[in-house]
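Undergrad: Take a look at the following structure, please.
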There are 2 protein chains.
Amino acid sequence: MTSPAGLKRTRIQQEKREVILDAALEVFSAHGFRGSTIDQIADAAGMSKPNLLYYFRRKEDIHEALLKRLLDTWLAPLRELDNVGDPLTELRGYIRRKLEMARDFPRESRLFANEILQGAPRITPMLEGELKTLVDEKAEVIRGWMRDGKIVRTDPWHLIFSIWATTQHYADFDVQVRAVLGPNRGGEGRFEDAARYLEQLFLDGLKPRTT
Amino acid sequence: MTSPAGLKRTRIQQEKREVILDAALEVFSAHGFRGSTIDQIADAAGMSKPNLLYYFRRKEDIHEALLKRLLDTWLAPLRELDNVGDPLTELRGYIRRKLEMARDFPRESRLFANEILQGAPRITPMLEGELKTLVDEKAEVIRGWMRDGKIVRTDPWHLIFSIWATTQHYADFDVQVRAVLGPNRGGEGRFEDAARYLEQLFLDGLKPRTT
DNA sequence: GCAAATTTTGACCGAATGGACAAAGGTTAG
DNA sequence: CTAACCTTTGTCCATTCGGTCAAAATTTGC
């Protein structure tokens, strides 16, 4: 088997595939799948188009490899959510980790958002399988906390959705966030502000304790 | 002036432009700008491509008209947020209205999300101008409520972001939400579940009141 | 009812794009 | 050193897509 599709990869193949995937992440996350061209990716990767197509036969193969590699990283924070330790501390930690991912891996977040927005044509099976299983499992953990009176009784699934939504917002809607905050408050400090705000929201809500 | 670009529109022009915009909303919101073709839109509008191009000279003109028409509708709920009435009731109403929009106008939400995800190439001026002004104004209203002790002291801007994020999530990430909830809980009732959950989250948070 | 204006269509064009291919240029193991 | 294998490139091709145009069909104003 002389083709790169084979399982045995040479040193050069491993290196170049990495370079290509990184370039493709940059391009795909900024323009979406259809909006990106092989030429753009090849440019960003510093190689010619035929050369790139030697490592990935089709444009879609790059996208697929990217999504595959992304998913593990992306679900890691939720996997860590466990019922050892104080529930509120666990949740706070999860929110913090997700927010850090939005800050440190915005391209990954946008790639994922793009895919879901288009109707998840390539990862629906994964959403209904692996992801659903994981979420159901963690929802059960959260329900345990509610039974023990450690957190208020509410809907565990929507709780998880709200954590996803609020944290990923800072990656996916970054342009809007920065535009609205303006030059002063829109700098790097926005993530710490967001962290403080979200912690307060999720723990105490907005209603004053002293009525 | 015989062209449709002129300000005086015939009956047919008004009707057909509406048909086209509706078809374009369907297509653009599902595939993004680059991912959509004029042929697709023409098909969805039930007319030939040259005929469509008689009403909108360029693909981008359709997109622009769509965004323009969208923005007023989109910001209406925030405009309604006023400091007459009880602050908590006002906020609850805003959240409910935004969630209803996610339910009733998911295509509009996705069109907007697509635009922001791509870096808002066509509406950055609006974000930095009109939108920022409106948000700053409402943030001041919210700050007033905080001074009066009606709601807890926190960051008004991030508060608004969190409402946007949590509600629009149900339109933009709908595929994922339904996949995770599964066939039973993922039906139409998901919006009422979300409404109940979000109300609880924003008002009381997750920490039990009785420590 | 008819002339002027508007609307619709089929045919066509150039540029962009995904991808194929063979030949040239490097690398590596024995 | 060399033969086998791997990598890179220039060239080319078919398709798709945004957009044009002139002519035909229809609607409108009088």
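Undergrad: Search the structure for amide H atoms under 5 Å from the amide H of A:I151, placed 1.01 Å from N in the peptide plane, and list their residues when 5 or more places away or on another chain.
TA: Under 5 Å from the amide H of A:I151 lie the amide H atoms of A:M146, each far enough along the sequence or on another chain.
Undergrad: In addition: Normalised by the number of residues in chain A, what is the relative contact order in percent for Cα pairs under 8 Å and 6+ residues apart?
TA: 20
Undergrad: Over chain B, how many percent of alpha carbon pairs lie in each 10 Å bin up to the one with the longest distance?
TA: 7, 28, 29, 22, 10, 3, 0, 0
Undergrad: Please report how many Lys pairs in chain A have alpha carbons closer than 26 angstrom, counting only residues at least 8 apart along the chain or sitting on separate chains.
TA: Taking the Cα cut-off of 26 Å, the pair count is 20.
Undergrad: What are the label-to-label distances in nm, one decimal and shortest first, from B:E140 to the same spot in the other copies, with labels 7 Å along Cα to Cβ?
TA: Relative to the other copies, B:E140 has label-point distances of 5.4 nm.
Undergrad: I would also like to ask the following. May I ask you to compute the full-extension gain from B:R96 to B:V141, defined as 0.36 nm times their residue separation minus their alpha-carbon distance, rounded to one decimal in nm?
TA: Working it through step by step, the gained length comes to 14.3 nm.
Undergrad: Using a label point 7 Å beyond Cα on the Cα-Cβ vector, give me the inter-copy distances for A:A76 in nanometres, one decimal, shortest first.
TA: 4.5
Undergrad: Given 20 Å bins starting at zero, what is the percent of C-alpha pairs of the protein assembly as shown in each, up to the one with the largest pair distance?
TA: Answer for the protein assembly as shown: a P(r) of 24, 54, 21, 1 percent.
Undergrad: Determine the calculated [θ] at 222 nm for chain B from helices alone, applying -39500 (n - 2.57) to every DSSP H run no shorter than 4 residues and normalising by the residue count; nearest 500 deg cm²/dmol.
TA: -23500 deg cm²/dmol
Undergrad: So, one more: What area, in nm² and to one decimal, does the C-alpha convex hull of region B:11-57 cast on average over all directions? Don't jump to the answer; show the numbers that get you there.
TA: Details: hull surface 11.4 nm².
With every direction weighted equally, the projected area is 2.8 nm².
Undergrad: Closest approach to the A-B rotation axis by any Cβ of A: residue and distance in angstrom?
TA: Of all Cβ atoms in A, the one closest to the rotation axis yields A:G205, 2.
Undergrad: Output, in nm with one decimal and in ascending order, the distances from the B:T10 label point to the matching label points of the other copies (7 Å from Cα along Cα-to-Cβ).
TA: 6.6
Undergrad: Is the shape of region A:1-101 rounded, prolate or oblate, going by the alpha carbon gyration tensor and its root eigenvalues a ≥ b ≥ c, with a/c under 1.5 for rounded and a/b larger than b/c for prolate? Mind dumping the intermediate values first?
TA: Details: a/c = 3.48, a/b = 2.10, b/c = 1.65.
The shape class here is prolate.
Undergrad: Using alpha carbons only, how many degrees (0 to 90, rounded to 10) separate the axis of helix A:190-204 from the longest principal axis of chain A?
TA: 40
Undergrad: Largest first and in whole Å, what are the equivalent-ellipsoid semi-axes of region B:87-211 based on the Cα gyration tensor, each being the root of 5 times an eigenvalue?
TA: Ellipsoid half-lengths, sorted descending, are 25, 24, 11 Å.
Undergrad: Something else now. Within 10 Å of each Cβ in B:57-63, how many Cβ atoms from other chains are there, averaged over the peptide? Working shown, then result.
TA: On the way: counts 0, 0, 0, 0, 0, 0, 0.
Mean shielding count: 0.
Undergrad: Would you work out if region B:68-124 is rounded, prolate or oblate? Take a ≥ b ≥ c from the square roots of the eigenvalues of the alpha-carbon gyration tensor; rounded if a/c is under 1.5, else prolate when a/b is larger than b/c, oblate otherwise.
TA: It is prolate, given that a/c is not under 1.5 and a/b is the larger ratio.
Undergrad: Convert each backbone phi in region A:146-161 into a coupling constant with the Karplus relation 6.51 cos²θ - 1.76 cosθ + 1.60 (shift: θ = phi - 60°), then list the ³J(HN,Hα) values in order as whole Hz, x for Gly and Pro.
TA: Using θ = phi - 60°, the values come out as 5, 4, 7, x, 7, 9, 5, 6, 7, 8, x, 5, 5, 4, 5, 4 Hz.
A short reminder: the numbers here are calculations on the coordinates, not readings from a lab. Keep in mind that what you see is a predicted model, and the values were worked out from it rather than measured. Glycine also receives a Cβ, built like all others from the backbone with ideal geometry; neighbour counts cover every protein chain displayed.
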